[in-house]
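Undergrad: Handing you a structure now.
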Amino acid sequence: MTNLIVANWKMHGTIGDTLKRLTEFRFKLAETTGLEIVFALPFTTLYSAHIALQETDFKTAGQDLYWELEGAYTGEIAGSFLKEAGCQYVLIAHSERRRLFGETDETANKKVRAALMQELIPILCIGETVEERNAGQAMEVLERQLKRALQEIAMTDLKHFVIAYEPVWAIGTGNNATVEQVGEVHSFIRNTLAKIYDAPTADQVRIIYGGSVKPDNAKELLRVKNVEGLLVGGASLVVDQFIKICQR
Ligand code: PGA
């Protein structure tokens with residue numbers, strides 16, 4: 001399975017900034033990394049980024065989508081629009097969307113279905129808060145988030161999935177989860193998927209880690225069993241740091 005590195009630029013970057021950063025990244029990164037690299041960008045920059053990356057192996061992702069096909073939903077973006085703008089992936093239920101914009105496991109489920117309908121690969125984000133972890137509820141929360149977001153999702157669809165484990169307490173704080181914590185949670189996620197579906201299906205899902213990934217912890221995190229990639233926020237905006245994360 002090819003490891004996946006996703007750069008989540010969040011709400012950063014005009015079209016000009018984005019193209020400048022992508023061009024610099026493209027020319028500074030050594031030819032082959034053996035990794036699949038995806039840029040999750042603000043909606044307004046996606047199409048220009050897609051054109052700029054056309055002759056490369058780099059891909060793009062939306063940071064969200066709405067579940068309806070079209071209609072009177074002011075401000076929302078349909079999966080087909082992302083597809084047309086060149087995206088192959090879409091982030092779903094990032095913790096910032098859950099925390100700041102009221103997303104729930106139920107809306108995550110609707111978004112997962114909408115993404116699959118457009119043949120966009122969902123990067124489903126799950127993660128516990130610090131209170132939940134301190135109360136010993138992390139696994140329970142993760143299991144609930146997974147089960148609800150995957151409700152009535154067919155086994156054949158699951159193999160295209162990416163699940164991102166993003167402990168809320170590790171995002172943007174500089175405190176990444178330890179390799180032990182990540183190993184424990186990722187194997188729990190794999191086992192939970194095997195229980196909901198079956199082991200061969202669970203083995204095809206890429207489980208990636210996000211939360212304060214930096215050049216100095218990326219390599220050790222990628223060596224952890226059941227970690228097939230990273231979701232990188234802050235450090236992905238600094239070209240030299242992101243290159244270090246992507247280099248072997
Ligand atoms: P961070 O963000 O790397 O800045 O912690 C990760 C994320 O929100 O996906």
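Bear in mind these aren't lab numbers, they're just calculated from the coordinates by the rules spelled out. Given the structure is predicted, the values throughout are model-derived calculations rather than measurements. Reconstructed Cβ throughout: ideal geometry from the backbone, glycine too, with neighbour counts over all protein chains shown.
Undergrad: Residue by residue through the stretch 2-16, which ³J(HN,Hα) values in whole Hz follow from phi under the Karplus form 6.51 cos²θ - 1.76 cosθ + 1.60 (θ = phi - 60°), with glycine and proline marked x?
TA: Using θ = phi - 60°, the values come out as 6, 5, 10, 10, 10, 8, 9, 7, 6, 9, 10, x, 6, 4, x Hz.
Undergrad: Still on this structure, I have one more. Using 7 Å Cα-to-Cβ label points, what is the N191/K225 separation (nm, one decimal)?
TA: Label-label distance for N191 and K225, simple model: 1.1 nm.
Undergrad: Using just the C-alpha positions of the chain as equal point scatterers, what log10 of I(q)/I(0) does the Debye formula give at each q in 0.14 1/Å?
TA: Per q value, in the given order, log10 I(q)/I(0) is -0.89.
Undergrad: Ranked highest first by average number of other Cβ atoms within 10 Å, how do 38-49, 139-150 line up?
TA: Packing proxy ranking, top to bottom: 38-49, 139-150.
Undergrad: Roughly how many Å is it from the Cα centre of the stretch 151-189 to that of the stretch 65-131, as a whole number?
TA: 17 Å
Undergrad: How are the C-alpha pair distances of the stretch 105-163 spread across 5 Å bins, as whole percents from the shortest bin up?
TA: Taking every Cα pair in the stretch 105-163, the percentages come to 4, 19, 28, 21, 12, 9, 5, 1.
Undergrad: With 23 Å as the limit, write out which pairs from K28/K59; K83/K111; K83/K214 have Cα-Cα distances beyond it, or answer none.
TA: Table pairs above 23 Å Cα-Cα are K83/K214.
Undergrad: Still on this structure: What does the helix-only formula give at 222 nm for the chain: each DSSP H stretch with n ≥ 4 adding -39500 (n - 2.57), the total divided by the residues, and the result rounded to the nearest 500 deg cm²/dmol?
TA: Here the helix-only value at 222 nm equals -13000 deg cm²/dmol.
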